[in-house]
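Here is the structure we will look at, set down as structure tokens.
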Amino acid sequence: MEDRIQIINTFKSMIGERKKSINNRLVFLWLISLVNISIVLFSTIIAINSFDLGFHFGIQKEWSESASLVLSGLGFILFTPHLLLEILLMNHLKKVILERKEKDYEALNMKFQKQINYLNKNNNSKILMIVLTFIILFGALMRSVNKNDFLYWGNFKIPFLILILFIISYVISNYKKLNSNIKTYEQQ
């Protein structure tokens, strides 16, 4: 059990401060995640609306006018996946502390440690997300500075949607791996 707690504590928190109780950290993570997800959803809906596929979601803002929204939303887009995975880990930490299992499962903990190390590293997935973010950031800055002169802004909705889809797949795949390990541990 102690090994499991130490492994969870090696996860690099986005909110820092481990002095707070687990419940306070979970509440804070949920609040930040809800704000982040709402901003990301709003930005994504605007991008989808700009393709004129017939979905309008009741929002009349167009992609050509959304550079400042996309610019402000980029930080939230990159921050959200880590928060969602941290929520999963904090919930698991809470259960591990409450259950106080006497037996520690070495093979399961080693696999869990590898998953946490992967999430803490700057791997290819994170590098691709950062590169896409800088491309979109460049376009949004150019659009903000040169309102009508930057004609290529319409093409930046494609990298934006690719980034959103990539982040969704990143969260789902890592969530599945972590959740599988967590469920196996909690059921033993």
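What follows draws every value from the coordinates through simple rules; no lab data is involved. No experiment lies behind these values; they were computed from the predicted model shown. All Cβ positions, glycine included, derive from the backbone under ideal geometry; neighbour counts span all protein chains shown.
Of the numbered conditions (1) under 23 Å from Ser13 (Cβ atoms); (2) more than 19 Å from the chain's Cα centre (by Cα); (3) without any contact (Cβ under 8 Å) to a residue 12 or more places away in the chain, Asn124 satisfies every one except a single condition; which is it?
(2)
Can you give me the number of residues within the stretch 153-165 that are under 17 Å from Leu83 (Cβ atoms) and among the aromatic types (Phe, Trp, Tyr)? Write out each step before concluding.
Let us first name the residues in the stretch 153-165 that are under 17 Å from Leu83 (Cβ atoms), namely 163-164.
Adding the requirement that they be among the aromatic types (Phe, Trp, Tyr) leaves none.
Adding up the residues that qualify gives 0.
On the given criteria, is Leu132 part of a helix (DSSP H, G or I), in contact (Cβ under 8 Å) with a residue 24 or more places away in the chain and under 23 Å from Ile5 (Cβ atoms)? Before you say what the answer is, go through the steps one by one.
Details: part of a helix (DSSP H, G or I): yes; in contact (Cβ under 8 Å) with a residue 24 or more places away in the chain: yes; under 23 Å from Ile5 (Cβ atoms): no.
For Leu132, the condition - part of a helix (DSSP H, G or I), in contact (Cβ under 8 Å) with a residue 24 or more places away in the chain and under 23 Å from Ile5 (Cβ atoms) - is not met.
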